[in-house]
1. Report, by residue number, each residue of the stretch 1-26 that is in contact with a helix residue (DSSP H, G or I) (Cβ under 6 Å, 6 or more places away or on another chain) and part of a loop (DSSP other than H, G, I, E, B).
2. Mind listing just one residue for me: the one in the stretch 109-127 that is surrounded by fewer than 23 Cβ atoms within 10 Å (Cβ to Cβ) and in contact with a helix residue (DSSP H, G or I) (Cβ under 8 Å, 6 or more places away or on another chain) and, of those, nearest to residue 191 (Cα to Cα)?
3. What pairs come out if I take residues in the stretch 112-126 that are without any contact (Cβ under 8 Å) to a residue 40 or more places away in the chain and pair them with residues that are assigned to a helix (DSSP H, G or I) whose C-beta lies under 7 Å away, six or more apart or interchain?
4. Return yes when residue 103 is in a helix (DSSP H, G or I), in contact (Cβ under 8 Å) with a residue 60 or more places away in the chain and closer than 30 Å to residue 255 by Cβ and no when it is not.
5. Yes or no: the stretch 66-74 includes at least one residue that is in contact with a strand residue (DSSP E or B) (Cβ under 9 Å, 6 or more places away or on another chain), over 20 Å from residue 239 (Cα atoms) and not in a helix (DSSP H, G or I).
6. Quick check on residue 40: is it outside any helix (DSSP H, G or I), over 21 Å from the mean Cα position of the chain (by Cα) and at pLDDT 85 or above?
7. With respect to residue 29, is the statement that it is in a helix (DSSP H, G or I), at pLDDT below 85 and surrounded by fewer than 19 Cβ atoms within 10 Å (Cβ to Cβ) true?
């Protein structure tokens, strides 16, 4: 669509990187705005954000490498070089969520923070930031949809985009925008419920579990419309759908356990 926002000499401002940065900024500003009502200091949240973002990026890249490793080249050296050349693209959200989540809870424990309450606060911020990131995917052409018809279909024509060459000039589902809209709706719902979570009407961790369930359901559904390489299928489902199913069931179990306590 518009993989490069503008170019000045040899400098290029990639659309994907810009929107991801905007997503991080939006999520951080949201956290800082809600910090005081939630009983957290900005210093505590700054540490949480730093280690979570760093670990999340590394985890997302590692998960991408593991999922698509065989398609990067014929040998180890060519595959490593491909990863280095394409480092600005190629991230798997669930890898980032798992690695970032681990860093989040470890940092919260080291800082002696209420990790589950902090996770409830972070859940709307994560959904908001992810919505920006998916718009970046749309502009870059990555994570594109299957062939489609009708008013919602979009056509990518720029060879510099991340769309598969076979899909250039073909009307496709704007699945990136579908997910961005879904993420934003999840953000609105979680943001509306946050005051009740912070005042104790929900047990700590409930909002984070609800986020996990809603996003897993959204991702599982939209995978049927994806047209890019989804990795090796198992049981007729993509790796992302299998992970989504596991996350959804785990989130439901967590919600039920939390509800039984209160």
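The values are calculated or read from the model by the stated rules, or taken from the named source; none is laboratory data. For clarity, every value in this text was computed on a predicted model and none was experimentally measured. Backbone-built Cβ (ideal geometry, glycine too); neighbour counts: all protein chains shown.
1. 1, 2, 3
2. Residue satisfying both the conditions and the ranking: 117.
3. 115/105; 115/108; 115/109
4. no
5. Within the stretch 66-74 (the criterion being in contact with a strand residue (DSSP E or B) (Cβ under 9 Å, 6 or more places away or on another chain), over 20 Å from residue 239 (Cα atoms) and not in a helix (DSSP H, G or I)), the answer is no, since none of the residues qualifies.
6. Considered against the rule, which asks whether it is outside any helix (DSSP H, G or I), over 21 Å from the mean Cα position of the chain (by Cα) and at pLDDT 85 or above, residue 40 comes out as yes.
7. For residue 29, the condition - in a helix (DSSP H, G or I), at pLDDT below 85 and surrounded by fewer than 19 Cβ atoms within 10 Å (Cβ to Cβ) - is not met.
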